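Here's the structure we're looking at; comments come further down.
Nothing in this text is a laboratory measurement; each read-out follows from the coordinates by a stated rule. For clarity, every value in this text was computed on a predicted model and none was experimentally measured. Positions of Cβ are backbone-derived with ideal geometry, glycine not excepted, and every protein chain shown enters the neighbour counts.
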Amino acid sequence: MTAHDSSAGSFNAAPREVPQSASNIELRLQEMVLDSRDVVGFLTDLAVVSSRLSSPDNRIHTGVTVIRRKRAEAVASSDAAAHALDELQNGFGDGPCLTALRAGKTVLVSDLPTERRWSPYLKVAREHGVSSILAVPLDLAGEAEAVLNLYSGRSNGFSEDDVSTVEAFASQAASSVRLVLRITQLSEARSDLASAMQSRTIIDMAVGAIMAENRCSRDTAFQILTKASNTRNIKLRDVAASVIRSISGEQQIVTYFDE
């Protein structure tokens with residue numbers, strides 16, 4: 001599944017297929033977790049699936065906004081139109097989707113011209129062809145904060161059944177998002193550990209070389225390495241690598257670990 005549907009830049013584009021059944025959606029979510037390369041890739045797929053949760057003749061554009069470091073970021077979308085609308089709302093710093101995200105409650109704007117809240121953003125959204133907006137937060141149990149942002153070119157584009165369908169989907173999807181976040185965290189921790197082990201190995205190799213060259217103790221060799229790092233304002237690993245290169249002549253130092 002591609003990150004963006006380049007044909008979806010207009011609210012007059014052809015509608016997507018009829019949404020799948022709840023059981024099929026649950027299976028699709030499981031497949032997405034297994035197939036996802038990273039959090040952004042998973043959320044992009046999630047936005048695309050969410051854009052199909054309405055009647056077949058109602059073209060929906062969906063974005064996913066996440067709060068990171070207290071700042072809202074448009075991290076994924078079903079298409080370029082949704083991404084632009086999310087970015088615009090984040091630029092204004094207020095809107096129905098950000099309100100839903102912060103309050104943790106669904107927000108429905110059935111008819112933008114008659115809505116009196118968020119006037120600056122909604123004026124621009126209308127200029128982009130939006131007539132109704134549905135924002136449904138994802139309960140990530142403290143892992144992060146995220147919201148599904150659905151945009152329609154129709155007034156009253158989201159029926160009560162649509163709202164219930166999206167809320168049910170968001171509830172299902174939230175557990176999958178939490179799982180992807182945890183898998184990503186574990187993967188990042190594993191990468192950090194491998195990097196630390198590689199650095200430690202290179203430093204140990206350099207310390208051994210200095211001990212042999214200077215006939216000194218390990219502590220003295222490490223102090224020599226540390227002093228060179230501080231004096232030259234270079235990371236200890238990089239100084240150690242330069243020591244090994246000067247002895248072995250190898251430009252690329254490779255370390256090996258069992259998986």
>> Can you tell me the length gained on complete extension of the stretch residue 67 to residue 117, counting 0.36 nm per residue apart and subtracting the Cα distance?
In response: 15.8 nm
> Amide H of residue 79: which non-local residues (sequence gap of 5 or more, or other chain) have their own amide H closer than 5 Å, using H built in the peptide plane?
Replying inline: 5, 62
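For the range 72-159, what is Rg from Cα atoms divided by 2.2 N^0.38 Å, rounded to two decimals?
1.00
Mean separation of Cα pairs under 8 Å and 6+ residues apart, divided by the residue count of the range 92-155: what relative contact order is that in percent?
Relative CO of the range 92-155 lands at 37 percent.
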> For residue 105, what charge total do you get from the other residues with a beta carbon under 15 Å from its beta carbon, if Lys and Arg give +1 and Asp and Glu give -1?
Replying inline: -1
> Can you list residues whose amide H is under 5 Å from residue 129's amide H, if they're 5+ apart or on another chain and H is modeled 1.01 Å from N?
Replying inline: none
> Calculated FRET efficiency, residue 168 and residue 217, Cβ-Cβ r, R0 41 Å, to nearest 0.05?
Replying inline: 0.05
>> Quick check: net charge around residue 115, other residues with Cβ under 12 Å of its Cβ, Lys/Arg +1 and Asp/Glu -1?
In response: +3
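Within the range 101-175, report the trypsin sites (Lys or Arg not before Pro) that DSSP leaves as loop and that have at most 11 other Cβ atoms within 10 Å.
105, 116
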